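Scroll down for the structure; my scribbles are underneath it.
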Amino acid sequence: MRIAYGDLIGGVSGDMFVGALLDLGLPLDKLKSELKKLPGLSYRLEVTKKTVHAVRATRFRVICGKKEPERTWKQIRELIRQSGFDPTIKTIGLKIFARLAEAEGKIHGVAPDRVHFHEVGGTDSIVDIISAAIAAHQLKIDSFHFSRIPLGRGVTRSRHGPLPLPGPATLELLKGLPVQWIDLEGETVTPTGAAIVSALGKTFG
């Protein structure tokens, strides 16, 4: 059995998660070829090496156009189902997005199928989540385990106006998981990151 342990000392987001798995050995060319199986999205990938306090790291970014269509959970679900991915990749991707839909639905008081994704419905978030699913499958990771989840404080701006940090959807996704408050102003865990670790994590601590 192959397991992966994520020490979330700096928090977690979708792009951070994918960058870590690229560092673990996921071939970039393989990731790009797999992503071509997801039709109808316009973007480019930017993968660079950077040094943070003398430690080399991989930065993964999805660059999109300025205007993004608003997508529903039903539309994203069909997009994944109709793709040419291996069934395991589809299952992982759908599991992560289902967590997001359930959390957003509860926050906004609507059924998951009626959820309209804004920020997390954009092409960059879709590519982040599907890339995480591709990486888990390609690296043959049987289970993920994570440390406690560090949370900062503050306020961020969203389509709905100012929101506290951690955001309501993030807190809903992390319900029941071990977290720790850290002395940092800002967002350390995004909804996409929270959805990935809560959907994939077997144990935390």
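A few remarks follow.
- Basic side chains Lys and Arg get +1 at the Cβ, acidic Asp and Glu get -1 at the Cβ, and with that the dipole of the chain about its Cα centre reaches some 380 debye.
- For segment 3-149, alpha-carbon Rg relative to the globular expectation (2.2 N^0.38 Å, N residues): 1.05
- Of all DSSP bridge pairs formed entirely within the chain, close to 60 percent run antiparallel.
- When you filter the trypsin sites (Lys or Arg not before Pro) in segment 143-205 for DSSP loop state and at most 16 other Cβ atoms inside 10 Å of their Cβ, you are left with Arg148, Arg159, Lys175.
- Spin-label pair Val52/Lys95, simplified geometry with 7 Å Cα→Cβ offset, distance in nm: 2.6 nm
- Exceeding the 28 Å Cα-Cα cut-off - candidates Lys50/Lys74; Lys37/Lys106; Lys32/Lys175; Lys30/Lys106; Lys32/Lys67: Lys50/Lys74; Lys37/Lys106; Lys32/Lys175; Lys30/Lys106
- Share of carbon and sulfur in the accessible heavy-atom surface of segment 88-205 [1.4 Å probe, %]: 52 percent
- Options Ser125, Ile141, Thr72, ranked by Cα towards positive dipole end of segment 67-148, top entry (Cβ charges): Ile141
- DSSP H segments from the chain that extend 20 Å or more along their own axis, Cα-based, with Kyte-Doolittle mean of -1.0 or above: 87-108, 123-138
- Within segment 11-64, the percentage of alpha carbon pairs spaced more than 13 angstrom apart rounds to 65%.
The values are calculated or read from the model by the stated rules, or taken from the named source; none is laboratory data. Just so we're clear, the structure is a prediction, and the values are computed from it rather than from any experiment. Quick reminder, even Gly has a Cβ in these numbers, built from the backbone with ideal geometry, and neighbours come from all protein chains shown. Accessible surface areas use protein heavy atoms only, side chains included; no ligands, DNA or RNA. Shrake-Rupley method; radii C 1.70, N 1.55, O 1.52, S 1.80 Å.
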